Structure formats: C-alpha cells, structure tokens
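The values are calculated or read from the model by the stated rules, or taken from the named source; none is laboratory data. All of these numbers come straight from a predicted model, not from anything done at the bench. Cβ placement follows ideal geometry from the backbone for every residue including glycine, while neighbour counts extend to all protein chains displayed.
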Amino acid sequence: MKSWLRDFKDRLYPIWAFGRFIIRSRNKHGVHSPFVYDLLTQVLSDTSKYSDYVLLDQFRSTLRHDTSFIEITDFGAGSRIFKSNRRQVKQLVRHVGATPYRQKLLWRLANHFEPIKTLELGTHLGLGTAALQLGCLKGTVTSVEGCPALAKHTAHNMLTLGLEKARIIPNRFEDFLKGLEQEKFDLIYVDGNHTQEATLSYFNQLKNHCHQKSIMIFDDIHWSAEMSQAWALMQKDPSVTVSIDLFFWGLIFFRPGQVKEHFVLRV
Ligand SMILES: C[S@@+](CC[C@H](N)C(=O)[O-])C[C@H]1O[C@@H](n2cnc3c(N)ncnc32)[C@H](O)[C@@H]1O
C-alpha cells in the first residue's frame, strides 16, 4: 500500500475505533460485577473536586509557561506532531502527556487503591507521575524515561513539587525490565512505545511483577489497529480476570474469585 494511504488510514483508525467503542460500551446500569460497579461509580465517574487537583493544575500551568528547550531522544512509536528534536517545554506539554482528565483519574485510582509501589513506564514531563504520587503519598512511584534530558528535567520538577518519593529512572524500558528482580508492584501504568510487539512484551514481563490485587493501566489502547490487537490479546491472558476498556485506557486486574469478564465502559 502507498505510504501516504497507509498514513491516512492510520490517522483515521482511532476515529473508527471510537465509533465501535460507542456502540459496544455501557454505563453503570449494564454492570453486574460488584467490584466493577463500585470502581465505576466511586472512582472512575467520581466528579468530586479534590484539593490535590489544584496542585496538578498549577504544575501543568508551570510547564505551560516553561520556555526552556529540551533535546528529545525519540523512542517507541514516534511522534505524529513534532518533526524536530529540540523542543520547548511549553509546546511539549500541549501535545504530549496526560490530559487534565486522565491526570485526575490517575490521582483517583492511586487514592482509591493506595499502591505502596507504583511503576510508570514513560515519564515525559511528569504529569502522570505527579498525579500518581500525590494520589498516594505513603507509596513510592518509580517512573522510567528513556530520554535523558526529559528524565533530568522531570526529576528536578518532582523535587520542586516536594515529591521526593517519585524516582525518575533514566533508562530504556527494555533495559529497566531486564534488570528487575523479584519485586512486585501494586499499580503499573504503561504509557510509552505504543506498538503491539512492545506492549505485549511489557505486559508479559510485568505480569510476573504483579500480585492478585495489582492493577495495570495501559494508555492509548486504540491508538492504532495494532494497539487494539495487543489489548485484545492481553484481555485473553489466563492470568487476567477483569479487564476494562475505557477507550483511552485499558485496565487489567488479576483478582482471584472473579469470573473472567471484559467490560467496555463509558466514563
Ligand atoms: C506519552 S509519553 C508519557 C506521558 C506521561 N506518562 C504522562 O502521564 O504525562 C511517553 C514517554 O515514554 C518515553 N518512551 C517511549 N518508549 C520508550 C522506551 N522504549 N524506553 C524508554 N522510554 C520510552 C518517551 O520518551 C516519552 O517521554
């Protein structure tokens, strides 16, 4: 297929996938699992205004006014926005990283599940890292970023925010995962390198670092046809009991005693 046609199809894919999601998705009335119903009503759809949201908005605003430049080392599936590698922080924050909505959702998930050990693959400017750490101050967040300049910039920002327990590791995901020993994580957020092969490889390695109550969050599961395929394969994994498709994220649980069930939910 001609490359411009393939590119055009790739750009249209998320729109097509969203249409399919709207047809398949349900709201709380169609959910019979008590665990998923509680998660949906108490966390995912919680519209309360928590005071930490102000801190998250202030952090974003600081980044939006940050005129410094960062030399980006590109990883993974690449950017559909930027062509040059020298980028200004205030521009980066407009196009990449957790949206305010997703940041708040991360905060609520961390606040609800109270993870003592959180792992994030893909730090970028730390919007997700800050949300995960603020959501559960008693836990630690380890966030891995392959671009050294981004890792340095964000590590500094975490200290400025007083989030000393958020550790930014400048490393490739692949090398970091190879070096992991027996440790288990309570919450894992995978937000980088959105290719089918990489996503499945991270999932297959990381499920060995989960326990029965761990939660895994995969970002942009319908960014491309191959990401949707990766998501479909993860749901089918025998170790997964509950999987939830929120369109922009896929949530995975390994809870025993749950009937294996897949949910497509509108929040
Ligand atoms: C979408 S951004 C992460 C956004 C961030 N989680 C947030 O909530 O704002 C993805 C990041 O992952 C990094 N990345 C992608 N593939 C990687 C890899 N294989 N190893 C290390 N870092 C990688 C990129 O450099 C980029 O900064």
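How about the stretch 26-69: which of its residues are modelled with pLDDT of 95 or more and not in a helix (DSSP H, G or I)?
Selection gives S45, D46, T47, S48, K49, Y50, S51, H65, D66, T67, S68, F69.
Just to check your reading of the model, which residue among G128, G192 is part of a loop (DSSP other than H, G, I, E, B) and under 24 Å from F248 (Cβ atoms)?
G192
Given the criteria touching a helix residue (DSSP H, G or I) at 6+ places or on another chain (Cβ under 9 Å), aliphatic (A, V, I, L, M) and within 25 Å of A232 (Cα to Cα), does I188 qualify?
Against the criterion (touching a helix residue (DSSP H, G or I) at 6+ places or on another chain (Cβ under 9 Å), aliphatic (A, V, I, L, M) and within 25 Å of A232 (Cα to Cα)), I188 qualifies.
In the set L187, L134, L150, which member is away from the ligand (no atom under 12 Å from the Cβ), assigned to a helix (DSSP H, G or I), touching a residue at least 24 places away in the same chain (Cβ under 8 Å) and buried (at least 23 other Cβ atoms within 10 Å of the Cβ)?
L134
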